[in-house]
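Just passing along the structure, written as structure tokens.
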Amino acid sequence: MNTSWVAFLERPAFHIPLLLVIGFLAFSSNATISLFGETEGLYAIVTHTMMAAEDYVHLWLRGEPYFNKPPLFFWLQAGFIHSLGWSEAALRLPSIVSSLGTMITTYFLGRLLFSEIAGFWGALVCATCYAGLWFGPLAIIDPVLTFCMTLGMYAWARAYFQESSQWWYLVAFVALALGSMVKTLHALALPVLVMGIFLWMRRDRQVFREPYLWVGVVLSGLLLTGYYLLLGPEFRQHFFFEENLKRMITVSGDQKHSAWEAYWGKRPIIWYGLVIWFDLFPWSALFPVGLFLIWKRRPWLESPKELWVFLWVVVYFVAMSLAPEKHERYLMPLLPAFGLLVGYVYHRLLYKLPVSEGMGMLRGLLACLGGIFVISVFLGPILLQNKWHVPLDVIPLTLRVGLGMLGLIMIGLAIKNYLRIGLAGVGVLGLALMVTVTGFIIPGIQAEGSPRLAFDENQRRLNNQTDPISVFQSWDWREDEDEFYWDYLHGRSRIVGKGLTDSLALEELKRDVQQSSRLVMMTKDQYQEVISDDPDLSAIVLFEFYRSKKNIVLLSLDWRAQLADSLEAQQQ
């Protein structure tokens, strides 16, 4: 080791503090911003309803029993809310803490399997790739699920690879049981499948003679049995057969199409193979090298740790690809596994003796990564504007130029064959992506039209805080987050013309305005087509924001005749 930066990173005393600082910035920088998607609002409604009813066993959503998810995650949210009060940060703290836990657990796992270097870089992946930055802090179940599954895998590895730590089997199975209690049974099934294939390939039956293993199995079984008995037969019927079994053979909400048909639809069987390059950017450039280096470690009987990581990556990825229903956030349990794959690259190239295998591939991938980064810096703002309506200067020009220079430097390092420095450059790109996403992109999206922004603007302009928030036929843009703010935090909202045709809805709106001036939200298209030329209504646009590819306006409406009489009286 002849480079000072490698020597610095070889010091374990610096690893945990540095990772905690990076993780804190990555996951908590925007903890207080508006709820804005990926079911954040829906889960907030469930938690609010649960706490209001003081019924922590039977969940409800919009007056109907909610059987889609078990209650453990909502208990966690309620615990933070009881301590801190209602806020976006309180709702997100279970996910933020879990994401930090996943990151640190990945570090210890990499250190256990390979070296401190592998652990450090593997943990860094979890906090600086797109999927970790975007989904990790959200008030959704997947970050908590990911932590439980990662802790289970770490505990199992520690029990198996360290003979003096057999009691970690208890921790492993309890953690996986908690993952199943948070979301679904695949939290237990996928890790057990990896372990089973691993033991079968190694023809290892010794582990089944360990008493702690069976104690862990029994303890996790007791936890799950007691938990699901508590939730009642109606929940069990829906959860096990609708949420778990049917989702294995159909797409949720589309019971007419089978899994086979879904494989060739909008998100086919190869979909994760396409999106993972973006979701784990910039570290995805190192995946082929990591897989190649681990594959070359065969025979597997002599390299059990490499086999274990290989199976974790491949089994999870294949199982998720075979599921008909796919979402980017479902990839989160794979982040630690791919982090270990990346960490293994650094372990082999920086910690062990230099290897020549795969260096040509690494050189080409680093050059491609630099080129993609340069293109993304200048193309990214255009894509952000098209998708989120943010201004083109959401990322300052100086930062964009600096990021572009980093990409060019990466290309130069690859050409000059300075691969060790190039590997450090990937980490710099990851940190630069973290700063860009958390410091500019997410705040920029929020500034253009977050649900909380619209809610605060409405509340600020209401004459009486008990008045309802009114919207005009909002079925095509109102999200769960809007419903949470309007109907639960504010307490009252009214959809004018709900279920009516445009003409009948307009007549209902006119009757409201005749009684008193009215604040109302609607799409800009509705305003231009229905309101702006109406002879009876006078409208003032108070505020405009962007939502779901639609411009939304907040209007102050008056009846023209009443307004004319008022102006005439003032003149007299």
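For the chain, take the convex hull of the Cα atoms, compute a quarter of its surface area, and give me that in nm², please. Intermediate values should be presented prior to the final figure.
Working: hull surface 122.0 nm².
For the chain, the mean projected area of the Cα convex hull comes to 30.5 nm².
Counting other C-beta atoms within 10 Å, which of His82, His15, His389 has the fewest, and how do the rest follow? Please report the intermediate quantities before stating the final value.
Details: His82 10, His15 21, His389 17.
Ranking His82, His15, His389 by Cβ neighbours within 10 Å, fewest first, gives His82, His389, His15.
Please report, in whole Å³, the volume per residue of the convex hull around the C-alpha atoms of region 358-448. Could the numbers behind the result be given before it?
Details: hull volume 7.5 nm³, N = 91.
Measuring per residue, one finds 82 Å³ for the Cα hull of region 358-448.
Could you line up Leu462, Leu229, Leu176, Leu293 from fewest to most neighbouring Cβ atoms inside 10 Å?
Leu229, Leu462, Leu293, Leu176
Which entries of Lys387/Lys524; Lys183/Lys549; Lys69/Lys550; Lys387/Lys510; Lys183/Lys524; Lys326/Lys549 show an alpha-carbon separation above 28 angstrom in the structure shown? Spell out each step's value before the answer.
On the way: Lys387/Lys524 17 Å; Lys183/Lys549 31 Å; Lys69/Lys550 31 Å; Lys387/Lys510 34 Å; Lys183/Lys524 39 Å; Lys326/Lys549 22 Å.
In this structure, Lys183/Lys549; Lys69/Lys550; Lys387/Lys510; Lys183/Lys524 lie more than 28 Å apart at Cα.
Only bridges with both residues in the chain count here: give the DSSP antiparallel percent, nearest 5.
Working: 20 of 25 bridges.
In the chain, approximately 80 percent of DSSP beta bridges are antiparallel ones.
Trypsin sites (Lys or Arg not before Pro) within region 161-243: which are DSSP loop residues with at most 16 other Cβ atoms inside 10 Å?
Numbers: sites: Lys183, Arg202, Arg203, Arg205, Arg209, Arg236; in loops: Lys183, Arg203, Arg205.
Here the sparse-neighbourhood loop sites are Arg203, Arg205.
In addition: From the backbone phi of region 419-429, what are the Karplus-calculated ³J(HN,Hα) couplings (6.51 cos²θ - 1.76 cosθ + 1.60, θ = phi - 60°) in whole Hz, Gly and Pro given as x?
6, 5, 5, x, 5, 4, x, 4, x, 5, 4
Under the rule of at least 5 residues apart or a separate chain, name every residue whose amide H is placed under 5 Å from the amide H of Leu59.
Hits under the 5 Å cutoff: Tyr66.
What is the fewest-to-most order of Tyr344, Tyr43, Tyr527 by other Cβ atoms lying within 10 Å of their Cβ?
Values: Tyr344 30, Tyr43 23, Tyr527 20.
If I rank by nearby Cβ atoms, fewest first, I get Tyr527, Tyr43, Tyr344.
Another one. Compute the projected area of the convex hull of the Cα atoms of region 444-519, averaged over all viewing directions, and report it in nm² to one decimal place. Each step should come with its number before you reach the end.
Numbers: hull surface 21.8 nm².
Mean projected area of the Cα convex hull: 5.5 nm².
Moving on. Can you tally the net charge around Pro304? Count Lys and Arg as +1, Asp and Glu as -1, for every other residue whose Cβ sits under 15 Å from the Cβ of Pro304.
Working: positive: Arg158, Arg202, Arg203, Arg205, Arg297, Arg298, Lys305; negative: Glu163, Asp204, Glu302, Glu306.
Cβ neighbours under 15 Å give a net charge of +3.
Here, each number is a calculation from the coordinates, and none is a lab measurement. Every value quoted in this text rests on a predicted model; they were computed, and no experiment measured them. Note that we place each Cβ from the backbone using ideal geometry, even for glycine, and neighbour counts take in every protein chain shown.
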